[in-house]
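Shown next, in structure tokens, is the structure this report addresses.
The values are calculated or read from the model by the stated rules, or taken from the named source; none is laboratory data. Every value quoted in this text rests on a predicted model; they were computed, and no experiment measured them. Ideal geometry is used to build each Cβ from the backbone, glycine not excepted, and the neighbour counts take in all protein chains shown. Note: areas computed on protein heavy atoms with side chains; ligands, DNA, RNA excluded. Shrake-Rupley method; radii C 1.70, N 1.55, O 1.52, S 1.80 Å.
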Amino acid sequence: MKLAFTLLAWQASAPGLNEPADWLQWAARTPCIDATQPLARPRFLPMMTARRLTGGSRAAVECGLALLKRERVDAVVFTSRHGELERNLRILTALAHEEDLSPTDFAMSVHNAAVGSLTIAAAAPLVSSSLAAGVDSFQQGLVEVATLHAAGYQQVLLVDFDGAIPDFYHPHLPAGALHSPYAVALLLAAGDGCRCTSSPAENVESGELPQSLLFLHAYLARTTAFTLKGDR
């Protein structure tokens, strides 16, 4: 797979990283995330909406709103490997214990809850989709963006995110896997400023950072060609 885009704008949030200067310093060294640091408080997200969202979804919607405030967006693609994992574990635990379910957890447990929250908070009836493709979720999001470009949507917002991974799942994840919430938002147009190719990785379940964070690291380090390592 080979894809090319023009990256018009970006916004990202992760523990200890929020401002552009923070991310530029991060790109100057080996990519890693310090999970002991806090996520930044939302500046664009209404308080009542923020309270209904988990950490990863909150970061994703906040990053999306930041770009919508300053750029034209024609369509939106959200990608997330785990989606609303925290909420779904709470629902399953409540069912196992024969307890009442939280109405908020039930209503917000679907995979497209975050992208729906973005369009509602922005009061923008945008064409949107929400994808999950395992380790390759960001890669498949880029494919979705390319199809939207081909359909005539010129500026497409791609937001890749995940929330905190509950302790229950840690034994099933590879050593070094990121357990903290993060979000990377990219406003992409057609062009060839950034070129992406895919190649099979020797171990797609390695403890590397998610593809979107590795992409952002390469971009900020001024690497215009980027290889997405995954199982496709």
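Could you give the size of the charge dipole of the chain about its Cα centre, using +1 on the Cβ of each K and R and -1 on the Cβ of each D and E, expressed in debye and rounded to the nearest 20?
760 debye
Taking only the alpha-carbon positions of the chain and ignoring solvent, what does the Debye formula give for the base-10 log of I(q)/I(0) at q = 0.14, 0.16 Å⁻¹?
So the normalised log intensities are -0.87, -1.15.
Taking R0 as 35 Å, what's the FRET efficiency between Thr93 and Gln37 from their Cβ-Cβ distance, rounded to 0.05?
Efficiency for this residue pair is about 0.80.
For the full complex of protein chains and a 1.4 angstrom probe, list Met108, Met1, Met47 by accessible area with the highest value first.
Met47, Met1, Met108
Any idea what the relative contact order of the range 2-221 is, in percent, if you count C-alpha pairs under 8 Å spaced at least 6 apart?
It comes to 35 percent, rounded to a whole number.
Given a 1.4 angstrom probe, I'd like the percentage of the accessible area of the range 50-178 that is carbon and sulfur, rounded to a whole number.
About 54 percent, which is the carbon plus sulfur part of the accessible surface.
Nearest 5 is fine: what % of DSSP beta bridges in the chain come out antiparallel, could you say?
55 percent
Tell me the per residue accessible area of the range 72-135 using a 1.4 Å probe; a whole number in Å² is fine.
Result: 51 Å² of accessible area for each residue.
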